[in-house]
Every structure is written in C-alpha cells, then in structure tokens.
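Here the structure is laid out as structure tokens; the discussion comes afterwards.
The values are calculated or read from the model by the stated rules, or taken from the named source; none is laboratory data. Small disclaimer: the values here were computed from a predicted structure and weren't measured. Heads up, the Cβs are rebuilt from the backbone with ideal geometry, glycines too, and the neighbour counts pull from every protein chain shown.
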Amino acid sequence: MRFNDAIFGTAFLVLAIVMIAITFSFPAFPGQNYGPNLFPRIIGGGIVGCSLLLMLREWRGGGRPWLVLEDWARRPARLASFALMLAAMVFYLVASEPLGFIPTAFLIQFGLFLWFGVRPLTALIVAIVMTAAVQYFFGSVMRVPLPRGILDSVL
C-alpha cells in the first residue's frame, strides 16, 4: 500500500503547524533567551520544510494516484497483521495507565511474537528480557516516569 507523498506532506505540514502553535502557550524562563518552546519549534520548522519539499516533489511528478495497493495489501493475513500492530498501539494507550508499563509491554510483545510465529518459549524469554531492558533504560537511565499501574506498590 503506497499513499501519494503529497498526502503525507500535507498531513505532516498540518501536524507541524499545530505543534508550533502549541509552543506559544509554553511558559518562558526568566532571565533566559530561550525556553522549553525552542526545541519543538526547531523540529517543527524542519518538518514544515521537509513537508513542503515532499509536496513540491510530488506535484512536479504529477499524475500519480492517491493510493496504490501493493500485493501484500490484498492478502487477508497481512492485513490482519497490520491491523494487529495498530491494535497493539491502541491497547498500550488504553491499558498502560491501569495495568502499568511492564504488564502492558510484556503482553503486547508476547502476543505479537506468537502471532508472527515465534516459538512460545523464545517469545516468552525475549518478551521478558526486552520489557525489563526498556523499563530499566527509560525508567532508570533516562528517568522517564513510566506508568506503574497494578505494580505501584511493588515498584
């Protein structure tokens, strides 16, 4: 499945403009020339530039259809895998606060490994190790507050 690049360029342009607009509500740091709005504005400006180039390149090429279905998009199992990946993201958004990062990440990885044909024991070991590694890296090294959920009293 391939969308016309002008569609992606337009979508990213709108997202970048919204992101830049949101930064105007960020508080300023007294005594500094820059604040928490600087980095998102730089990134947003880069996205705007790239989006415009993407759209311009597509418009110059002209005549391409808005959507081209590749061979994989015509196979039900492949479409189910694609839908399952989207469902995993939605599941994380919905379940990570009540369940916590560790159970949610483990369930997603284990389920996806099994769906894609990994042996159950291998899927179990890799899901445990990767969940622990990501929890350690983001929770301890990067100090990102990951949701604790049902493990709040343990962690």
Query raised in the report: Is segment 47-54 home to any residue that is out of contact with any strand residue (DSSP E or B) (no Cβ under 6 Å at 6 or more places or on another chain), closer than 30 Å to residue 81 by Cα and either in the same structural domain as residue 79 (by TED's automatic domain parsing) or of a type in the set (A, V, I, L, M) (or both)?
Result: yes
Query raised in the report: What do you reckon, is residue 36 surrounded by 11 or more Cβ atoms within 10 Å (Cβ to Cβ) and within 20 Å of the chain's Cα centre (by Cα)?
Result: no
Query raised in the report: Got a number for residues in segment 57-84 being over 30 Å from residue 117 (Cβ atoms) and touching a residue at least 12 places away in the same chain (Cβ under 8 Å)?
Result: 6
Query raised in the report: Considering only segment 107-154, how many residues are part of a loop (DSSP other than H, G, I, E, B) and either out of contact with any helix residue (DSSP H, G or I) (no Cβ under 7 Å at 6 or more places or on another chain) or under 30 Å from residue 79 (Cα atoms) (or both)?
Result: 11
Query raised in the report: Does residue 57 fit the bill of being exposed (fewer than 15 other Cβ atoms within 10 Å of the Cβ) and either in contact with a helix residue (DSSP H, G or I) (Cβ under 8 Å, 6 or more places away or on another chain) or at pLDDT 90 or above (or both)?
Result: yes
